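Visitor: Sharing a structure with you now.
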Amino acid sequence: MSHPANQVKAAFAISKYSLLATLRSPTSIVFSLLFPVIFIVVFGSINVGKVPDQELAIDRRCDTNNLVFKAIRKVPGIIFSKGLSQAGQEDALKKGRIAAVINITADNGPNQPPHYAINLRASASTGGSIDLLTTEISEAIHHIDQKIFPGNATVAMVSVTQVAGRVYRNIDFILPGQLGFSLLMAGVYGSSFLLFSLRKNLVLKRLRATPVKRRSIISGEMLSRLFFHIAGFVVMVALGYFVFNFTLINGIETFFEMLVFSLFGLFIFMGIGFIISGVVQNENSIAPIANTIVLPQILLCGLFFPIQNYPHWMEQFCSVLPLTLFVDGLRKIAFEGTHVWELPLTIGGLVLWNLVICPLSVRSFKWE
């Protein structure tokens with residue numbers, strides 16, 4: 001009968017060599033750490049609040065000497081293309097290279113204040129940019145009206161009152177998603193390939209002849225993934241916090257709460273990897289099965305854009321997936337300051353997934 005202390009020692013020994021194998025695997029480093037870091041840098045550098053520039057071409061009949069045209073030229077988000085012939089304007093318009101062709105003509109009669117007609121010729125290729133362009137030009141005209149006709153009555157006035165609040169940056173949405181991405185890739189792909197390799201090379205068969213129990217092997221593998229995840233977690237959160245001002249609302253306390261919360265996701269995704277390694281018969285089958293599980297979650301679970309953009313029925317389906325629960329919980333902890341114990345539905349959902357996956361992972365474990 002093996003001593004409990006020996007089982008613990010065996011679990012730590014397995015975790016040590018499993019971690020070394022993971023660190024020496026380029027695939028594990030690239031997919032679990034390098035890719036998420038690249039995504040954090042790219043998406044964290046995007047200025048979401050910046051209004052995209054709208055490029056306009058000037059119709060050859062356009063009056064460019066009036067106050068309306070001069071006001072439009074001062075709008076920060078509008079730029080004018082130069083050197084396009086009439087045929088070139090039409091071609092650029094059809095291909096969506098410019099937002100519109102502008103033509104301003106005076107249409108006021110004698111003894112009347114100046115009045116101009118603005119025509120924007122657009123095409124379907126410009127998508128929704130014409131709506132933004134129309135809003136910007138209307139705002140410029142409104143400013144002119146206020147200066148020339150300050151006494152005109154209006155049916156309503158709009159005012160904005162700013163209240164104190166946190167600035168929600170793009171990185172506050174992206175970084176928790178990339179932490180989930182890293183955990184998903186390390187758990188599913190890393191565990192499935194490593195365990196299958198150990199079984200294929202008869203390492204597990206040799207371990208079976210020792211007093212080491214199945215749960216010690218699984219615990220050792222989980223510990224190695226935990227150490228690897230902590231290292232990647234620290235790197236990604238530090239990058240987001242110090243470079244892109246990622247919000248850790250309660251500082252170091254929030255950091256440790258996020259780390260503790262990530263354990264729920266770690267057990268789920270590792271369990272999926274264990275199940276895959278136990279059911280496949282050859283190494284070539286691992287990637288297709290893992291991709292079938294991983295890719296839909298990457299697309300559906302709000303890693304890169306909110307699931308609220310989906311139709312209602314799809315949003316309801318996505319909201320119960322483990323990666324959605326995990327990423328949504330991280331965002332609430334980091335930005336809203338919600339404590340782990342204040343997320344009963346999220347924790348309950350992750351616990352249910354663990355109750356389903358963990359027993360299946362143990363039952364699917366094979367020595368050879």
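Visitor: Every residue in the stretch 113-161 that is at pLDDT below 80, assigned to a loop (DSSP other than H, G, I, E, B) and among the hydroxyl-bearing types (S, T, Y), please.
Guide: Result: T154, S159, T161.
Visitor: Still on this model: Of all the strands (runs of 3 or more DSSP E) wholly in the stretch 1-112, which have at least 1 residues that are within 24 Å of D131 (Cα to Cα), modelled with pLDDT of 80 or more and within 29 Å of the chain's Cα centre (by Cα)?
Guide: 54-58
Visitor: Could you say which residue among L345, L323, L360 is of a type outside the set (D, E, K, R), farther than 20 Å from F39 by Cβ and in contact (Cβ under 8 Å) with a residue 12 or more places away in the chain?
Guide: L360
Visitor: I would also like to ask the following. Name the helices (runs of 4 or more DSSP H) wholly within the stretch 166-212 that hold at least 1 residues that are at pLDDT below 85 and of a type in the set (V, I, T)? It would help to see each step written out before you state the result.
Guide: Working: elements: 170-185, 191-200, 203-208.
The qualifying helices (runs of 4 or more DSSP H) are 203-208.
The values are calculated or read from the model by the stated rules, or taken from the named source; none is laboratory data. Note that this is a predicted model, so its numbers are computed, not measured. Here Cβ is always computed from backbone atoms with ideal geometry, including for glycine, and neighbour counts include all displayed protein chains.
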